[in-house]
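See below for the structure under consideration.
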Amino acid sequence: GVVGLILIIMLTEHCCLLLIDVKRSMPPQTSNAGGGDLGGVQHHAPSWTYGDLARRVLGRSGERMVNTALIFTQFGFCVAYLIFLTQTLRELLPTPLPPPPAWHYVLIPLPVLLPLGMLRSVRSL
């Protein structure tokens, strides 16, 4: 019920704050530009990802587990967003008789969403 939902919210917030604390406490990543220890120049790599943190704490299997969970989570968000768009478009657009199947409404935003999904970074917009 409501108490369980509140407990889950509190636990989720606590875990998110712990992740942020761990990420901030990690030293900056460095990598060798120029290959290995053969005179390569040290430079700072991008900040730690969740997979990097899991590999540091749990090893390779932890990194795979975290990255797999992230993939499934992002896929779920995308599916939920498409369902939301489909239902919204179905309610907003005039419906002919007989009404078309729901998957027809999924095709409407695809010309916009597919190119946006191909972007590697939002900064390139």
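Quick notes on this one:
- One quarter of the surface of the convex hull around the alpha-carbon atoms of the chain equals 13.3 nm², the direction-averaged projected area.
- Placing R0 at 30 angstrom, the Cβ-Cβ distance between M118 and I8 gives a FRET efficiency of 0.30 after rounding to 0.05.
- Ellipticity estimate at 222 nm from DSSP helix runs (n ≥ 4, -39,500 (n - 2.57)) divided over the chain, nearest 500: -21000 deg cm²/dmol
- Extension gain (nm, one decimal) between L97 and S47, 0.36 nm per residue minus Cα-Cα: 12.6 nm
- Taking all protein chains into account, the per residue accessible area for the range 70-125 stands at 89 Å² (1.4 Å probe).
- Heavy atoms of V3 accessible to a 1.4 Å probe, total area in Å² rounded to 10: 110 Å²
- Here each label is just a point 7 Å from Cα along the line to Cβ, and for L18 and Y81 those points are 2.9 nm apart.
- Heavy atoms of T86: accessible area, 1.4 Å probe, square angstrom to 10: 20 Å²
- D21 - accessible surface, heavy atoms, 1.4 Å probe, Å² rounded to 10: 90 Å²
The values are calculated or read from the model by the stated rules, or taken from the named source; none is laboratory data. All values derive from a computational prediction rather than experimental measurement. Note that each Cβ is placed from the backbone with ideal geometry, even for glycine, and that neighbours are counted across all protein chains shown. Ligands, DNA and RNA are stripped out before the accessible areas are found, and what is left, the full protein with its side chains, is counted by its heavy atoms. Shrake-Rupley method; radii C 1.70, N 1.55, O 1.52, S 1.80 Å.
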